[in-house]
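A.B. asks: Attaching a single structure in structure tokens format; questions to follow.
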Amino acid sequence: EVDGETLKTLEAQYDALMKSNSKSLLRKYLTRRTFDKLKTKKTGSGSTLLDCIKSGLENHDSGVGVYAPDAEAYTVFGDLFDKIICHYHGFDRTQRHPNQDWGNIGCIGDLDPEMKYVASTRVRCGRSLAGYPFNPLLTEQQYLEMEKKCSTVLKSLPGEFQGEYYPLDGMTKDIQQQLIDDHFLFKEGDRFLQSANACRFWPKGRGIFHNADKTFLVWVNEEDHLRIISMQPGGNLGEVYTRFVNGVCEIGRKITFARSEKFGYLTFCPTNLGTAIRASVHIQLPKLASNKDELEKVAAQYSLQVRGTRGEHTEAEEGLYDISNKRRLGLTEFEAIKEMHDGIKALIDKEEKL
Ligand code: ADP
Ligand code: CIR
């Protein structure tokens, strides 16, 4: 029941991807056998293999190349997703994500007390609202309804989380650009997301909430329904993580997040499943980073991922790298933070010895 047009597009673009020199996990794991098995399948809401892989088919420079149009896609197209998830997180199909565990929050300290290397520290998670599909299936009405629901909850947060919601629709370009330049707001026009049908009705239903200090921020309806962020200058991961946990719990009292037994918190991109946590520093390591390949190699030894100054798919500016935990699925919240903490400590140690 997958229509002829979709099948034709799939076949043509699959051939082109296979002939390309793409390094994506999509190209690596979508063998002809798996492709033939999955190309005629559909989820209950009608999503096809094309909906899952369109981004990687249209962007051969993808690192991953797949998104789940709805939660069911993770199982219907599991022959592909499981392999990509296993490669990225080291989580195999027989595993089950552990229960939420924030750990002993107070025992995480400052990564760089002398303020020599770390410019800023950030911890974020993705969250989906239970009862709503992911981006490609949301209607304009649902976007507006979710925005209303979330902004109302956010504007009622207590204490240090008190703040204002700023819709993207109607925001001046100057203010939007300033927020992006200051690393507070998501970028605009991400072609990976556009290809995945994640930017329909833009900027409707999208926006950012933040407290007065811009240390607690929430993105609404960008890649995920919610991205909850705690960040501040310097290396005090303990403070950032404490604020993060308290903020996520406050929001969780009012909004039910989508979670599965197997995959933990559900997100649009398989790289974010599980804890959905990315803990990062903006860091300068001039000696280690004098060779970018070497930096990435050492980072990978500690399960860390290196990004550029403006986030994923960007370059480092003035030697400022974004280094974060890579795994988010198959380990607890505390373990994800600890992995990042220990890895960054080790990189700083190596830099000092060079
Ligand atoms: P995400 O973190 O949501 O996966 P990106 O990689 O696109 O997505 O990063 C989003 C924004 O967060 C970018 O502007 C990036 O520069 C900023 N950012 C990430 N880590 C830090 C950090 N430790 N300090 C300051 N800004 C950061
Ligand atoms: C890509 O494949 O490059 C984009 N779709 C982004 C994937 C998310 N990357 C990541 O490492 N978390």
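The values are calculated or read from the model by the stated rules, or taken from the named source; none is laboratory data. Predicted model, so just to flag it, every value in this text is computed and none were measured. Here the Cβ is made from the backbone with ideal geometry for all residues, glycine too, and neighbour counts use every protein chain on show. Accessible surface areas use protein heavy atoms only, side chains included; no ligands, DNA or RNA. Shrake-Rupley method; radii C 1.70, N 1.55, O 1.52, S 1.80 Å.
A.B. asks: Mind telling me which of the residues LEU266, LEU273 ends up being open to solvent by 10 Å² or more (accessible area, probe 1.4 Å) and either touching a Phe, Trp or Tyr at 6+ places or on another chain (Cβ under 9 Å) or β-branched (Val, Ile, Thr) (or both)?
C.D. replies: Matching residue, one of LEU266, LEU273: LEU266.
A.B. asks: Mind telling me which of the residues GLU72, GLU114 ends up being open to solvent by 30 Å² or more (accessible area, probe 1.4 Å), away from ligand 1 (no atom under 16 Å from the Cβ), acidic (Asp, Glu) and assigned by TED's automatic domain parsing to the domain that holds ALA198?
C.D. replies: Sole residue among the options that is open to solvent by 30 Å² or more (accessible area, probe 1.4 Å), away from ligand 1 (no atom under 16 Å from the Cβ), acidic (Asp, Glu) and assigned by TED's automatic domain parsing to the domain that holds ALA198: GLU114.
A.B. asks: Quickly run through segment 279-296 and pick out the residues that are in contact (Cβ under 8 Å) with a residue 40 or more places away in the chain and open to solvent by less than 10 Å² (accessible area, probe 1.4 Å).
C.D. replies: Selection gives ALA279, SER280, VAL281, ILE283, LEU285.
A.B. asks: Checking GLY65 against (1) in the same structural domain as LEU273 (by TED's automatic domain parsing); (2) more than 30 Å from LEU237 (Cβ to Cβ): exactly one of these is not met. Which one?
C.D. replies: It fails just one condition, (1).
Conditions tested, residue by residue: (1) surrounded by 16 or more Cβ atoms within 10 Å (Cβ to Cβ); (2) in the same structural domain as GLY189 (by TED's automatic domain parsing); (3) under 28 Å from the mean Cα position of the chain (by Cα); (4) under 19 Å from ILE84 (Cα atoms).
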position: TYR14; (1), (2), (3), (4): yes, no, yes, yes
position: SER24; (1), (2), (3), (4): yes, no, yes, yes
position: ARG33; (1), (2), (3), (4): no, no, no, yes
position: GLY44; (1), (2), (3), (4): no, no, yes, no
position: LEU57; (1), (2), (3), (4): yes, no, yes, yes
position: HIS60; (1), (2), (3), (4): yes, no, yes, yes
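A.B. asks: Only one of (1) surrounded by 16 or more Cβ atoms within 10 Å (Cβ to Cβ); (2) part of a loop (DSSP other than H, G, I, E, B) fails for ALA299. Which number is that?
C.D. replies: If we test ALA299 against (1) surrounded by 16 or more Cβ atoms within 10 Å (Cβ to Cβ); (2) part of a loop (DSSP other than H, G, I, E, B), just (2) comes out false.
A.B. asks: Of the conditions (1) more than 16 Å from ligand 1 (Cβ to nearest atom); (2) in a loop (DSSP other than H, G, I, E, B), ARG328 clears all except one; give me its number.
C.D. replies: Checking ARG328 against (1) more than 16 Å from ligand 1 (Cβ to nearest atom); (2) in a loop (DSSP other than H, G, I, E, B), the one that fails is (1).
A.B. asks: Mind listing whichever residues of segment 277-293 are more than 10 Å from ligand 1 (Cβ to nearest atom) and out of contact with any helix residue (DSSP H, G or I) (no Cβ under 6 Å at 6 or more places or on another chain)?
C.D. replies: Correct list: GLN284, PRO286, SER290, ASN291, LYS292, ASP293.
A.B. asks: Where the second residue is open to solvent by 30 Å² or more (accessible area, probe 1.4 Å) and more than 10 Å from ligand 1 (Cβ to nearest atom) and the first is within 17 Å of GLN232 (Cα to Cα) and lies in segment 177-197, which pairs have Cβ atoms under 6 Å and are six or more apart or on separate chains?
C.D. replies: PHE184/LYS214
A.B. asks: Do any helices (runs of 4 or more DSSP H) lying entirely in segment 173-260 carry at least 2 residues that are open to solvent by 10 Å² or more (accessible area, probe 1.4 Å) and more than 16 Å from ligand 2 (Cβ to nearest atom), and which ones are they?
C.D. replies: So the answer is 173-181, 237-252.
A.B. asks: Go through segment 92-128 residue by residue and tally those that are among the hydrophobic types (A, V, I, L, M, F, W, C) and within 17 Å of the chain's Cα centre (by Cα).
C.D. replies: 2
A.B. asks: All but one of (1) assigned to a helix (DSSP H, G or I); (2) open to solvent by 30 Å² or more (accessible area, probe 1.4 Å); (3) more than 16 Å from ligand 2 (Cβ to nearest atom) hold for ALA119; which doesn't?
C.D. replies: Unmet for ALA119, out of (1) assigned to a helix (DSSP H, G or I); (2) open to solvent by 30 Å² or more (accessible area, probe 1.4 Å); (3) more than 16 Å from ligand 2 (Cβ to nearest atom): (1).
A.B. asks: Mind listing whichever residues of segment 75-111 are part of a loop (DSSP other than H, G, I, E, B), among the small types (Gly, Ala, Ser) and open to solvent by 50 Å² or more (accessible area, probe 1.4 Å)?
C.D. replies: GLY90
A.B. asks: Between GLU1, GLU5, which is at pLDDT below 95 and either open to solvent by 60 Å² or more (accessible area, probe 1.4 Å) or of a type in the set (Asp, Glu) (or both)?
C.D. replies: Going through GLU1, GLU5 in turn, just one is at pLDDT below 95 and either open to solvent by 60 Å² or more (accessible area, probe 1.4 Å) or of a type in the set (Asp, Glu) (or both): GLU1.
A.B. asks: Let me ask something additional. Residues in segment 290-308: is at least one modelled with pLDDT of 95 or more, among the acidic types (Asp, Glu) and within 20 Å of GLY126 (Cβ to Cβ)?
C.D. replies: The answer is no; no qualifying residue exists.
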